[in-house]
Amino acid sequence: MSPSAHPLAGVLAWVARLISGVQVRWEGVPPEAHQRVYFANHSSHLDFVVLWSALPVEIRTRTRPVAARDYWEKGLLRPYLAGRVFRAALIERGDRTAAPGEGVAAGRTLIDRLLEALGEDGSLIVFPEGTRGTGEEVGSFKSGIYHLARRKPDLEFVPAYLENLNRVLPKGEVLPVPLLCTVTFGPPLRLRAEETRQSFLERARAAVCALRRR
Amino acid sequence: MRLAHDPQLLWLFGGVLGALVVASGLGAILERAAKSDQSRAVLRNLNARTRAWWVMCSVFALTLLSGAIGSLVLFGLLSLLAMREYMTLLPTRRGDHRTLFWGFFIITPLQYYLIGIHWYGFFAILIPVFAFVFVPTRIALAGDTERFLERAAKIQFGLMICTYCLSHAPALLILPIPGYEGQQAKLLLFLVLVDQASDVLQYVWGKLLGRRKIAPSVSPNKTWEGFLGGVVSATLLGAALWRVTPFSFRAAAALSLAITLMGFAGGLVMSAIKRDAGVKDYGTLIEGHGGILDRIDSICFAAPVFFHLVRYFYVP
């Protein structure tokens with residue numbers, strides 16, 4: 001059962017593909033509509049929409065982005081897009097809001113919210129770096145995906161590498177330059193039995209970096 | 001739509017249509033008759049190319065009929081698409097972002113606008129003079145000096161090839177040739193036809209007879225046999241079309257020769273840039289052909305030379 005897409009969704013996906021000229025490569029992972037968490041490097045405001053537009057439409061309609069509440073609740077347009085069009089799961093940014101002692105509880109509600117957003121057969125897009133980097137290196141991952149994997153151990157985590165988006169719209173710029181982008185999806189990961197948090201997060205980060213071409 | 005009543009233009013379109021029908025029919029027959037997997041693969045690529053030719057010819061014919069504005073918009077878009085393929089390959093840095101924005105959204109549209117308002121004097125110097133001083137200045141203002149000269153030079157080169165050179169093709173429409181007013185669309189068609197026919201014929205002759213490679217490290221598919229066969233046959237084709245041009249038979253042959261030679265040079269140079277960047281094609285937009293820049297690299301070199309030869313000899 002696929003949720004019906006907002007009429008704007010198709011148009012936005014088309015515009016995003018046009019601006020980014022995105023070339024999509026599925027390497028060692030077929031584009032299938034079953035439940036997954038797509039995770040990628042983060043260097044531009046366009047990352048999410050380009051990754052989302054790169055998914056085939058039947059996957060896209062059941063895939064929701066995980067995005068920062070402080071950014072997407074500002075203004076009039078962003079809350080509308082986040083709520084109605086992308087059906088984003090909005091979360092508080094990073095671990096830094098949690099005071100000592102509250103961290104565990106805050107973490108639990110975050111994971112609960114992600115599980116709720118996943119639902120029965122939905123998928124998620126996450127950027128585990130938590131914030132945009134320069135695009136030259138992939139930063140260290142926050143622990144959200146590990147906790148999600150702990151709660152749902154059979155969940156597939158699909159790495160994706162977004163190339164050139166930092167050049168199309170770098171951090172701090174408002175106007176995009178229409179260079180050609182590439183999205184590469186790689187073989188999925190699962191949490192191994194007894195795997196530590198650090199090992200899983202490093203393996204996930206290495207999986208994203210391995211999809212880099214140069 | 002006055003142009004649609006020009007019988008010569010309709011004859012030219014008819015000729016292209018005939019060539020496409022023959023190519024499609026021949027391709028279909030050959031693909032069915034192909035024995036080995038290897039020849040089947042070659043023919044499948046060939047037929048994909050022919051299908052793309054149908055689309056490209058239809059788009060070009062329609063814009064040509066729609067008048068100067070249509071052609072300017074089409075070539076302007078081609079410039080932008082070519083430039084995005086070119087700039088994607090460059091090692092540009094964060095500090096080049098605003099310069100690139102100027103290149104895409106201000107300098108390129110302005111170049112085509114200047115043709116639209118017939119301002120030849122400014123059109124001819126916008127990129128070689130003004131962009132030439134603007135680009136390094138804007139990059140310097142951004143403050144990043146790492147590989148400064150390389151970045152400035154590569155961006156300027158891209159503007160020259162993708163925008164400046166290519167814009168000389170639709171600029172033919174504003175050449176005031178006495179006795180040929182209102183008919184310059186046929187001159188643009190002549191350029192594109194001879195140039196692209198030269199590409200195709202070099203490919204065909206090369207596939208049939210190609211032995212000795214011209215520059216194997218740059219472009220392994222370019223052979224002397226393909227080059228000579230293509231240049232001679234495309235020159236003959238151009239000469240045969242002399243009646244639709246303001247040229248005599250001999251002049252049409254000489255100008256066609258210039259177009260084919262420049263087209264060859266364009267293909268060679270743009271291949272060398274691809275090898276340097278470590279890619280096979282500039283893009284994936286046109287099935288069987290690669291990117292836009294892979295298809296128009298020859299026009300980029302042929303158009304400005306053809307434009308200035310015609311301007312020197314035929315515009316008083």
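What does the charge dipole of chain A about its Cα centre add up to, to the nearest 20 debye, if the Cβ of each Lys and Arg holds +1 and the Cβ of each Asp and Glu holds -1?
Charge dipole, chain A, about its Cα centre: 220 debye, nearest 20.
Ranking B:Val218, B:Val42 by Cβ neighbours within 10 Å, fewest first, what do you get?
Ascending Cβ contact count within 10 Å gives the list B:Val42, B:Val218.
Would you list B:Leu208, B:Leu64 from fewest to most Cβ contacts within 10 Å?
Least crowded to most crowded, the residues run B:Leu208, B:Leu64.
Please compare each pair in B:Lys154/B:Lys274; B:Lys154/B:Lys213; B:Lys213/B:Lys280; B:Lys35/B:Lys207 to a cut-off of 21 Å on the Cα-Cα distance and tell me which ones are over it.
From the list (B:Lys154/B:Lys274; B:Lys154/B:Lys213; B:Lys213/B:Lys280; B:Lys35/B:Lys207), the Cα-Cα distance tops 21 Å for B:Lys154/B:Lys213.
Give the cysteines in chain B for which no other Cys Cβ lies under 4.7 Å away, or write none if there are none.
Flagged as lacking a Cys partner: B:Cys57, B:Cys162.
Using only atoms on other chains, find how many Cβ atoms lie within 10 Å of each Cβ of peptide B:280-286 and report the average.
1
Taking K and R as +1 and D and E as -1, what net charge do the other residues with C-beta under 15 Å from the C-beta of B:Arg138 add up to?
Taking every other residue near B:Arg138 into account, the sum is +2.
Residue by residue through the stretch A:110-121, which ³J(HN,Hα) values in whole Hz follow from phi under the Karplus form 6.51 cos²θ - 1.76 cosθ + 1.60 (θ = phi - 60°), with glycine and proline marked x?
Karplus values, whole Hz, x for Gly and Pro: 4, 5, 4, 5, 5, 4, 5, 5, 5, x, 6, 9.
Counting pairwise Cα distances across the stretch B:1-66, what percent come out greater than 15 angstrom?
59 percent
So what is the relative contact order of the stretch B:233-316, in percent, for Cα pairs below 8 Å that sit 6 or more residues apart?
Reported relative contact order: 27 percent.
Net charge within 15 Å of B:Ile174 by Cβ-Cβ distance, Lys/Arg positive one each and Asp/Glu negative one each, not counting B:Ile174 itself?
The answer is +1.
In nm, to one decimal, how far is the B:Arg147 label point from the B:Trp54 one, both placed 7 Å along Cα→Cβ?
4.3 nm
Taking the Cα centre of chain B as origin and charging only Cβ (+1 Lys, Arg; -1 Asp, Glu), how large is the dipole, in debye to the nearest 20?
Dipole magnitude for chain B comes out near 520 debye.
What's the local net charge at B:Gly229, with K and R +1, D and E -1, over the other residues with C-beta under 14 Å away?
Around B:Gly229, the surrounding residues sum to +2.
Evaluate peptide B:79-88: per residue, the Cβ atoms of other protein chains within 10 Å of its Cβ; return the mean as an integer.
Mean shielding by partner chains, rounded to a whole number: 3.
Averaged over peptide A:170-178, how many Cβ atoms belonging to another chain are found within 10 Å of each residue's Cβ?
5
What distance in nm separates the two pseudo spin-label positions at A:Arg192 and B:Tyr120, each 7 Å out from Cα along the beta-carbon direction?
7.4 nm
Rank the residues B:Cys57, A:Cys181 as a footprinting-exposure proxy: fewest other Cβ atoms within 10 Å of their Cβ go first.
Listed from fewest to most nearby Cβ atoms, that is B:Cys57, A:Cys181.
For chain B, what relative contact order do you get, as a whole percent, if you take Cα pairs closer than 8 Å and at least 6 residues apart?
Relative contact order for chain B comes out at 18 percent.
What do the square roots of 5 times the Cα gyration tensor eigenvalues come to for the protein assembly as shown, in whole Å, largest first, as semi-axes of the equivalent ellipsoid?
The equivalent ellipsoid of the protein assembly as shown has semi-axes of 50, 26, 21 Å.
Spin-label point model (7 Å from Cα, Cβ direction): what's the B:His5 to B:Ser248 distance in nm?
3.3 nm
Going by Cα centres, the stretch B:244-265 and the stretch A:140-214 are how many Å apart?
55 Å
With +1 on each Lys and Arg Cβ and -1 on each Asp and Glu Cβ, and nothing else charged, work out how big the dipole of the protein assembly as shown is about its Cα centre, in Debye to the nearest 20.
400 debye
Compute the distance from the alpha-carbon center of the stretch B:41-74 to that of the stretch B:110-133, in whole Å.
A separation of 27 Å, based on Cα centres.
Computed from the coordinates by the stated procedures, all read-outs in this text should not be read as laboratory data. Keep in mind that this is a model prediction, so the values were computed, not measured. So basically every Cβ, Gly included, is an ideal-geometry build from the backbone, and we count neighbours across all protein chains shown.
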